[in-house]
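Everything on this sheet refers to the single structure shown next.
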Amino acid sequence: MNKPVSSFEPAQAAPLKVAVGKGLAARAAGPAYLVLVGISFSHFLNDTMQSLIASVYPILKENYALDFAQIGLITLAFQFTASLLQPVVGHFTDRKAQPFSLVIGMSSTFFGLLLLSVARQYTVILIAAALVGLGSAVFHPESARIARLASGGRYGFAQSVFQLGGSFGTSMGPVLAALIVVPFGQPSIAWFSSIAFVAILVLWRIGQWYKPQIAVRKVAPIDRHPEAPSGRRVGVALLVLVALLFSKQLYVSSLSSYYIFYLIDRFEVPTRTAQIYLFIFLAANAVGAFLGGPLGDRFGRRIVIWFSILGALPFTLALPYAGLHASAVLTVFIGLIISSTTSSIIVFAQELVPHRFGMISGVFFGVAFGIGGLGAAVLGKLADHTSIGFVYQVCAFLPAIGLLAAFLPKLPGDGR
């Protein structure tokens, strides 16, 4: 089959017969930078639209007299949809890759935003959030696989480039909400559907690059490395990684969903100012997400995972007792440190279970979304019965779960 000419086509990408030869050629060719930039940019657009939902919570809360538990359920509708479907999508695409599935997923996000802009009932708001979550479920597993295919063997770097786009997209939501949605109201959410349209065009081009790669993915199984962990240790390691992701994602969810309300309640700042403070945290989160992958490639992923979870603990413990400006400084350190673990956790999990990259990516992205959704709902209920300040006192201890990283096995080639 002749490959179509594409601006995303890597110069040295030739069909290879076996997995080992394919991996060696990819390392020699280096990363396909145009593909990585394209998939990262798509991730940026995707997560910009997703983060918009949490950023407009104050508007929805005021317009429809919602309590914190109902706000948490909106997050649950959005993130739980993605949590349920991402592993399913990843498993399906492991068996039968769909080069243009990303376009279909982004179309779901497109319609979800349009519906959210005209929703006048709480049930319709939940449906709109679920549609955006469905788009996320389709996007993340397959785009993570494309990032790995384009990595040239630099898996942590490629995953970080991919995560960087998503993290910056997440950080843009509060800013765009403050500049556009707050002044112009809920109908202005429809304007962001144009972002989804741009993402659809980019993902169509990436699908054209990806389609010929599918023909060479039916490769011989990789021989088991003599120093690889046993099946039992792999199972334990996957559970540990899930627990570590739980501690990281639940804490980040507590900030992304309720930090605005915390600042308004404790320091009596206006909504727009609180959204800017949230942007500061999310921007630091994005920078940390990018740094984690290359650091994992250089020093080993176990070390990065250790540092990223436990290293944030002193700062999370101090946050509930800090003043307004000190809170901003602390959230910068928290974002930089705690977000650097995401790429290392995902690549570590992928290397534990070779040839199941889509399913593993789906499971871990899905767990991240599911934890965020369930955690937001539970924390919202806790805030209704206690206070927002108490929620952050409880969440401050979550990074201590990082001690479980002691149970992670040493993988061949890791820890160099």
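The values are calculated or read from the model by the stated rules, or taken from the named source; none is laboratory data. Given the structure is predicted, the values throughout are model-derived calculations rather than measurements. As a convention, Cβ positions derive from the backbone with ideal geometry for all residues, glycine included, and neighbour counts pool all protein chains shown. In case anyone asks, the SASA skips ligands and DNA or RNA and just uses the protein heavy atoms, side chains included. Shrake-Rupley method; radii C 1.70, N 1.55, O 1.52, S 1.80 Å.
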Only one of 315, 290 is part of a helix (DSSP H, G or I), open to solvent by less than 70 Å² (accessible area, probe 1.4 Å), under 16 Å from residue 252 (Cβ atoms) and without any contact (Cβ under 8 Å) to a residue 40 or more places away in the chain, namely 315
Per the list (1) of a type outside the set (Lys, Arg); (2) at pLDDT below 90; (3) open to solvent by 70 Å² or more (accessible area, probe 1.4 Å), residue check on residue 321 breaks on (2)
Check: Out of curiosity, is residue 257 in contact with a helix residue (DSSP H, G or I) (Cβ under 9 Å, 6 or more places away or on another chain), open to solvent by less than 20 Å² (accessible area, probe 1.4 Å), over 22 Å from residue 43 (Cα atoms) and not hydrophobic (A, V, I, L, M, F, W, C)?
Finding: no
Those residues of region 100-114 which are open to solvent by 10 Å² or more (accessible area, probe 1.4 Å), assigned to a helix (DSSP H, G or I), touching a Gly at 6+ places or on another chain (Cβ under 7 Å) and within 15 Å of residue 142 (Cα to Cα) amount to 103
The correct count of residues that are at pLDDT 85 or above and closer than 21 Å to residue 348 by Cα in region 127-148 is 4
Expected single match for at pLDDT below 85, open to solvent by 50 Å² or more (accessible area, probe 1.4 Å), part of a helix (DSSP H, G or I) and at negative phi among 336, 374 is 374
When residue 22 is run through (1) in contact with a Leu (Cβ under 6 Å, 6 or more places away or on another chain); (2) under 25 Å from residue 170 (Cα atoms); (3) modelled with pLDDT under 85, the failure sits at (2)
When residue 110 is run through (1) modelled with pLDDT of 85 or more; (2) over 25 Å from residue 63 (Cβ atoms); (3) of a type in the set (Phe, Trp, Tyr), the failure sits at (2)
If we ask which residues in region 134-189 are surrounded by 22 or more Cβ atoms within 10 Å (Cβ to Cβ), more than 20 Å from residue 338 (Cα to Cα) and of a type in the set (S, T, N, Q), their number turns out to be 3
